[in-house]
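First comes the structure, then the notes that go with it.
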Amino acid sequence: MTIIRVALDIPIDSLFDYIAPDATQLDIGSYARVPFGKKFMIGIILAISDDAHVSHDKLKQADEILRNIPPIPPALIELFEFCSHYYHYPIGRVIMNGVPTRLRSIKPVPQRFITSFLFRLTETGYAIALSSTPGRSKTKHHLLTHLKEVGTITSKEAKQLSQRAPKLLQEFLAQGWVEKILEEPEFTPNINASPILQLTTEQITAINTIQAEIGLFNTWLLHGITGSGKTEVYLQITSMLLKQKRQVLILVPEINLTPRLEEIFRSRFPNTHLISLHSKLNPTERMNGWLQAQRGEASIVLGTRLAIFTPLPKLGLIIVDEEHDPSFKQQDGLRYSARDIAIFRAKQANAPILLGSATPSLESYYNTITGRYRRILLRARAVKNATLPIIHYVNTRSVQLKEGLSEQLLIALERTLTQKQQSMVFINRRGYAPVLLCKSCTWLATCSRCSSRLVVHLTQKNLRCHYCGYTEQLPPACPQCGDQDLMPFGHGTQRIEAALAKLFPHARILRVDRDNTRGKEAWQLILNAIHKQQVDILVGTQLLAKGHDFPNLSLVGVLNADTSLYSMDFRAEERLFAQLMQVAGRAGRAETAGEVLIQTEFPNHPLYLALQHHDYDAYAQILLREREITHFPPYSHQALLNAEAPHIAAAIEFLSMASKLVEPGKQIEIFDPVPAQMTRLKGLERAHLLVQSHSRKKLQLFLSEWYIKLCKIPHGKVRWALDVDPSEF
Ligand SMILES: Nc1ncnc2c1ncn2[C@@H]1O[C@H](COP(=O)(O)OP(=O)(O)OP(=O)(O)O)[C@@H](O)[C@H]1O
Ligand SMILES: [Zn+2]
């Protein structure tokens, strides 16, 4: 009896057996529709066997193997299996996290999506005289003329020709005038499109270094200061691989960074098929992108973290831009790091991988010290005469602030306005004010479902929880004592925007945060406005700090930066440093010199001192020493067991029980369970347990054994999840 072993989107780490008499080894990787419980599901066949792992009377028959959909290639299956082992997550869930929803749906996929066919005129077709098509059939005449001129036509082109054309094509097909052929991947990239710019010597060195080993797996850390022209290096290396007819995968941390990069790559490689994959595509678009990549039609795939799972049979290069960005790590479900998986993938394809950043993650930086990665430095800005901005601090302990803004910053803003340059005020907090406070009884507006305060949004006159989305009307009076004197406390982007509008009535001010950038269109409009100099002052959150190139921006003001210095997370300082270096790096990217004013209570903190000297290495060394002493990554490897329950006690109890399941062995350190920093979230209380080891291998061995036991213990109302290489606590 032939059995197919199928991975399904079920939280059980095993395959499911079905009878499939016609299955062969060729079906591995294929999609199969199988009964599960009372419904049908789509799964992926991972093995064919003669014998089932369950008793024969329980076996069901597979409904259908969907051979019309191209099977998942072996390399991708291997990648999924690696993820399942490494992150200790059920294989079916791993696969279904990567495969587009449309392909996972039991609704059949119309053939026209799966294969792109061309209709080619046959010899019989050529022989048909145009005059023989009756005069009244204009479309027929038209279609035949077109075919005689060009030779082929796609259904899409036919549709553009006339609504009736696709139907006519079917008639032509029946008559043998045309034949259906598989569309050949279009591989005529205009790879000679050269830069208008003259490369800097550093860029040339970087390109030559990588080129010397272009056909080999290597992890290159392209460590180039902000504005050093890393994009140009990406373009040049990409062009080399395109010439070799290989596919290039480019990962960016934020969907907002895709349009601009897409534009740059499209204009450099105008005839190259480029697809952009991110979470805002509709299911059909995403499926199309996936299939085009799998067929090798798409030569450049640009996307956010989920694009790492795209099938790329001719993969020749991976670029991870802003590699330090925490967004590459998924925080729920399969908690993978797209950057780390990208390295596995590059190795698998024996292709180079470029990790680019002005502020590499400490892990990557450390890997260049140990020699696992190779660092290439770009120390100067690319634009001639452009320099890094001058950074000043305003000690907020010794000056009066006006609506959160210091006199120095206001003067600098005024000056920049007069010079007709752009400014940016960075405050990493959206909304109007982070706290609503009753002055008489000290009542604070808090979220009932999360351990968080409700943020005042004055434009919509409501209070919102930024963690769970809970929203309520602004109360007219204090719900506790009835006093009407409720005061918004602290500053958010909306409040700063309002204050600046009052102070600079003639300035054109644009706020940029998550509240007004939903949708790709919104971003495009904002970016256009900035580039066309229709904005004088930008007020924004970290959304603005990442990777954007605004040539006319010469002043950056930073408010409320210190908050991260109090954080419990051992990565908080690393993140703050990177973030400030990135924000500062938006200033003075072209000829006009840039200036950065940071308002802080601790201007002498080592972080701020290193920042002032733009000295990434110095600060990275300080952080590394701390990590070494405290045995934190990169000097150890970690996993976090997260538990959540209606009450914290249950979560802690579960974790205590879990910690005793396996004898940890000498090289594994298990910490006590502790409540998470954000203890309540969306109505559940959360705790976690940290496990670490200096040996990744030892940690993995422990986790494998532990995971099997964890799956077996009764957990009642507790929900748990394992997070390998956690990035947030
Ligand atoms: N060789 C060059 N000559 C002149 N200008 C250049 C050159 N290379 C790049 N540039 C320009 O320098 C600016 C900065 O380049 P790019 O955006 O690639 O920087 P980056 O290294 O990615 O910086 P960041 O990390 O801040 O995003 C761009 O406007 C780009 O057009
Ligand atoms: Zn909440």
Query raised in the report: Lys/Arg Cβ at +1, Asp/Glu Cβ at -1, dipole of the chain taken about the Cα centre: which of 471, 223, 616 is farthest positive-ward?
Result: 471
Report task. Mind ranking 14-26, 484-496 by how tightly packed they are, going by the mean number of other C-beta atoms within 10 angstrom, highest first? Result -> 484-496, 14-26
Report summary line: Computed over the chain: longest principal axis from alpha-carbon atoms vs helix 696-712 long axis, angle to nearest 10 degrees, is 80 degrees
Report summary line: Between the residues 247, 110, 31, the Cα farthest towards the positive end of the dipole of the chain, that dipole coming from +1 and -1 charges on the beta-carbon of Lys, Arg, Asp and Glu, is from 110
Requested in this report: Would you list, by chain and number, the aspartates and glutamates whose Cα falls below 19 Å from the Cα of residue 660, excluding same-chain residues fewer than 8 positions away?
Outcome: 644, 669, 672, 705, 723
Query raised in the report: Does segment 621-729 come out rounded, prolate or oblate, given a ≥ b ≥ c as the square roots of the eigenvalues of its C-alpha gyration tensor, rounded meaning a/c under 1.5 and, failing that, prolate meaning a/b above b/c?
Result: oblate
Query raised in the report: Calculated FRET efficiency, residue 674 and residue 327, Cβ-Cβ r, R0 25 Å, to nearest 0.05?
Result: 0.45
Requested in this report: Per DSSP H run of n ≥ 4, the term is -39500 (n - 2.57); total these for the chain, divide by its residue number, and report the mean residue ellipticity at 222 nm rounded to 500 deg cm²/dmol.
Outcome: -9500 deg cm²/dmol
Report task. Please give the net charge around residue 49, taking every other residue with its beta carbon less than 14 angstrom from that of residue 49, where Lys and Arg add +1 and Asp and Glu add -1. Result -> -3
Requested in this report: Quickly rank 246-255, 406-415, 214-223 as a protection proxy: mean count of other C-beta atoms within 10 Å, highest first.
Outcome: 246-255, 214-223, 406-415
**Report entry** Net charge dipole size for segment 679-729 [Lys, Arg +1 and Asp, Glu -1 on Cβ; Debye, nearest 20]
**Finding:** 160 debye
Query raised in the report: How much length is gained on full extension from residue 211 to residue 131, taking 0.36 nm per residue of separation minus their Cα-Cα distance?
Result: 23.0 nm
Query - Global geometry of segment 47-139, whether rounded, prolate or oblate, following the gyration tensor of its Cα atoms and the 1.5 cut on a/c - result: prolate
Report summary line: Any lysines whose Cα falls less than 21 Å from that of residue 159, other than same-chain ones fewer than 8 residues away, would be 138, 140, 148, 167, 180
**Report entry** Potential extension, residue 164-residue 14 segment - 0.36 nm per residue separation minus Cα distance
**Finding:** 49.0 nm
Requested in this report: Quote the accessible area belonging to residue 679 in square angstrom, nearest 10, computed with a 1.4 Å probe and with ligands, DNA and RNA left uncounted.
Outcome: 40 Å²
Query raised in the report: Between segment 256-334 and segment 583-614, what is the C-alpha centre distance in whole Å?
Result: 33 Å
**Report entry** Overall form of segment 3-109 per C-alpha gyration tensor (a/c, 1.5; a/b vs b/c)
**Finding:** rounded
Report task. Mind giving me the nanometre distance, one decimal, between the label points for residue 467 and residue 449, set 7 Å out from Cα along Cα→Cβ? Result -> 1.2 nm
Query raised in the report: Accessible area per residue of segment 412-460 at 1.4 Å probe, in Å²?
Result: 44 Å²
Requested in this report: Just add up the charged neighbours of residue 351: K/R +1, D/E -1, any other residue whose Cβ is under 12 Å from the Cβ of residue 351.
Outcome: +3
**Report entry** Near-label residues of segment 517-559 by backbone N, under 16 Å of a point 7 Å along Cα→Cβ of residue 460
**Finding:** 517-519
Report summary line: Here, trypsin sites (Lys or Arg not before Pro) of segment 14-105 satisfying both criteria (DSSP loop; at most 16 other Cβ within 10 Å) are 38, 67
Query raised in the report: How large is the charge dipole for segment 201-378, taken about the Cα centre, if only the Cβ atoms of Lys, Arg (+1) and Asp, Glu (-1) carry charge, to the nearest 20 debye?
Result: 480 debye
Report summary line: Between residue 204 and residue 171, the two model label points (7 Å from Cα along the beta-carbon direction) sit apart by a distance in nm of 6.4 nm
Report task. Compute the long axis of helix 283-294 from its Cα atoms, compare it with the longest principal axis of the Cα atoms of the chain, and write down the angle in degrees, 0 to 90, nearest 10. Result -> 70 degrees
Requested in this report: Taking 7 Å along the Cα-to-C-beta vector as the label spot, tell me the residue 480-residue 695 distance in nanometres, rounded to one decimal.
Outcome: 5.4 nm
Query raised in the report: Ranked highest first by average number of other Cβ atoms within 10 Å, how do 431-443, 225-237, 577-589 line up?
Result: 577-589, 225-237, 431-443
Requested in this report: Assuming 1.567 mPa s and 4 °C, estimate D for the chain with Stokes-Einstein, Rh taken as the Kirkwood radius over Cα pairs, in µm²/s.
Outcome: 45 µm²/s
Query raised in the report: With +1 on each Lys and Arg Cβ and -1 on each Asp and Glu Cβ, how big is the dipole of segment 541-686 about its Cα centre, in debye rounded to the nearest 20?
Result: 340 debye
Query raised in the report: Say the cut-off is 27 Å between C-alpha atoms; which of 347/666; 329/384; 329/698 go over it?
Result: 347/666; 329/384
Report task. For each pair in 230/546; 39/60; 546/682, compute the distance between the two Cα atoms and list the pairs where it is over 18 Å. Result -> 546/682
Report task. First select every other residue whose beta carbon is under 10 angstrom from the beta carbon of residue 468; then total the charges, Lys and Arg +1, Asp and Glu -1. Result -> +4
Query raised in the report: Got a sec? What order do 297, 202, 263 fall in by accessible area at 1.4 Å, biggest, i.e. largest, first?
Result: 263, 202, 297
**Report entry** Between helix 258-268 and the chain: long-axis angle, C-alpha atoms, 0 to 90°, nearest 10
**Finding:** 60 degrees
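The values are calculated or read from the model by the stated rules, or taken from the named source; none is laboratory data. All values reported here derive from a predicted model rather than from experimental measurement. Backbone-built Cβ (ideal geometry, glycine too); neighbour counts: all protein chains shown. What goes into the accessible areas is simple: the full protein's heavy atoms, side chains included, and nothing from ligands, DNA or RNA. Shrake-Rupley method; radii C 1.70, N 1.55, O 1.52, S 1.80 Å.
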